[in-house]
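Here the structure is laid out as structure tokens; the discussion comes afterwards.
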Amino acid sequence: MSRIPFEQLPADVRQAVVDKTGRVHAARTVWGGMNSGIASVLETESGSVFVKGIPADHPQVGAQGREAAIAPHLPASCPRLYWHLELDGWSLLGYEVVDGRHADYTPGSPDLPLVEAALTELQEIKAPADIEIKNAMDRWTEYAPPGTSYYFGGDALLHTDFAPDNVLIVGEQARLVDWAWPTRGAAWIDPGTLALRLMEAGHPAESAVGFAGRFPSWQAAEPEALAAFGAATAALWREIGAEDGTPWKRTMLEQAATLARALAGPL
Ligand SMILES: Nc1ncnc2c1ncn2[C@@H]1O[C@H](COP(=O)(O)OP(=O)(O)O)[C@@H](O)[C@H]1O
Ligand SMILES: [Mg+2]
């Protein structure tokens, strides 16, 4: 969806933000991502805050609620959530600002070990039992080959969207943002979704799968589970690519098919 500057939010919504932060001195729209109708860094009386939001009647508004619910359970690499506001047709989240740049996933990038460290930290976290969270089996069942969705089950907390604009690099740390799709499932799924994004950035399948293999969860996964993941990922991106043929989606569709072939055969 198109992104509006902070100043174009309704006056009462801006006032509610001011009630949280104090006077807003400056607002700068940030780029990256697609769902947020507003994504701005505000300089305020109480310091800087990153505000992301979507209209309350938008089909993705549930994602804002999921992000707010999972926030207290996230590891240190994720920014702190300060507040969640719902009023006058808007749902807004106010976060600690991560003053970084989008991760570079290209082969040989010095960001890759930092991304590995952040995902290693996340891999230790169990999905909290007391909040509503998506289940990997439900999310992948319609794409996975018949009878294989149980492989996706598990108790790890998964991010599932490792687009490089959801990973911000600050100094020697990678920080994971955009928890719109927190999911409970098998821990190897996150290394798998990251592998596809590495391929999008130019890694051959063997090197992307090799990167996933640095994570113990991936090493321990049954080959049949990884093959099911490859097939499901290819089916998912075939569906996304069929709906809308923008070039990056076509790239993802082709890379997902290549990944599926790599995971179907001997590694
Ligand atoms: N805490 C943060 N501090 C600074 N910038 C952020 C922060 N979180 C996200 N961003 C930036 O805003 C963009 C959009 O935010 P994101 O949470 O990814 O929403 P979406 O992709 O759903 O629009 C990100 O790609 C990133 O560039
Ligand atoms: Mg994003």
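Only the coordinates and a few stated rules stand behind these numbers; no lab work does. Bear in mind the structure is a predicted one, so any value in this text is a computation, not a measurement. Positions of Cβ are backbone-derived with ideal geometry, glycine not excepted, and every protein chain shown enters the neighbour counts.
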In Hz, Karplus ³J(HN,Hα) per residue of segment 216-224 (6.51, -1.76, 1.60; θ = phi - 60°; x = Gly, Pro): x, 4, 5, 4, 7, 5, 6, x, 5
Expected 222 nm ellipticity per residue - DSSP helices of 4 or more, -39500 (n - 2.57), all of the chain, to 500: -12000 deg cm²/dmol
For the chain: relative contact order, % (alpha-carbon pairs under 8 angstrom, 6 or more apart): 15
Relative contact order computed over segment 44-151 (Cα-Cα under 8 Å; 6+ residues apart), in percent: 25
Gyration tensor (alpha-carbon) shape descriptor, segment 1-95, a/c threshold 1.5: rounded
Segment 46-80 versus segment 212-250: alpha-carbon centroid distance in Å: 26
Length-normalised contact order of segment 6-95 in % [C-alpha pairs under 8 Å, at least 6 apart]: 24
Ranked list, fewest to most other Cβ atoms within 10 Å of each Cβ, for Asp161, Asp190, Asp138, Asp99: Asp99, Asp138, Asp161, Asp190
Residues with amide H under 5 Å from that of Trp83, placed H, sequence gap 5 or more: Gly94
Karplus-derived HN-Hα couplings along segment 78-86 (A = 6.51, B = -1.76, C = 1.60, θ = phi - 60°), whole Hz, x at Gly and Pro: 9, x, 6, 8, 8, 7, 9, 10, 10
Among Ala201, Gly89, Ala71 - extreme Cα towards positive end, dipole of the chain, charges at beta-carbon: Ala201
Within a Gaussian network of the chain (alpha carbon springs, distance under 10 Å), most fluctuating of Ala103, Ala221, Ala232: Ala221
Taking Asp12, Asp165 and counting other C-beta atoms within 10 Å, the order from fewest to most: Asp12, Asp165
DSSP-defined antiparallel bridges as percent of all bridges, the chain, nearest 5: 95
Residues of type aspartates and glutamates that Lys20 reaches as a straight line, Cα spacing below 20 Å, ignoring anything fewer than 8 places off in the same chain: Glu7, Asp12, Glu43, Glu45, Glu67, Glu86, Asp88, Glu96
Max mean-square fluctuation residue, GNM over the chain, Cα-Cα springs under 10 Å, options Gly33, Gly108, Gly230: Gly108
Ranking of Glu132, Glu121 by count of other Cβ atoms within 10 Å, fewest first: Glu132, Glu121
Gaussian network model of the chain, springs between alpha carbon atoms under 10 Å - residue of Ser91, Ser46, Ser207 with greatest fluctuation: Ser46
Whether segment 101-264 is rounded, prolate or oblate, judged on the alpha carbon gyration tensor where a/c under 1.5 counts as rounded: rounded
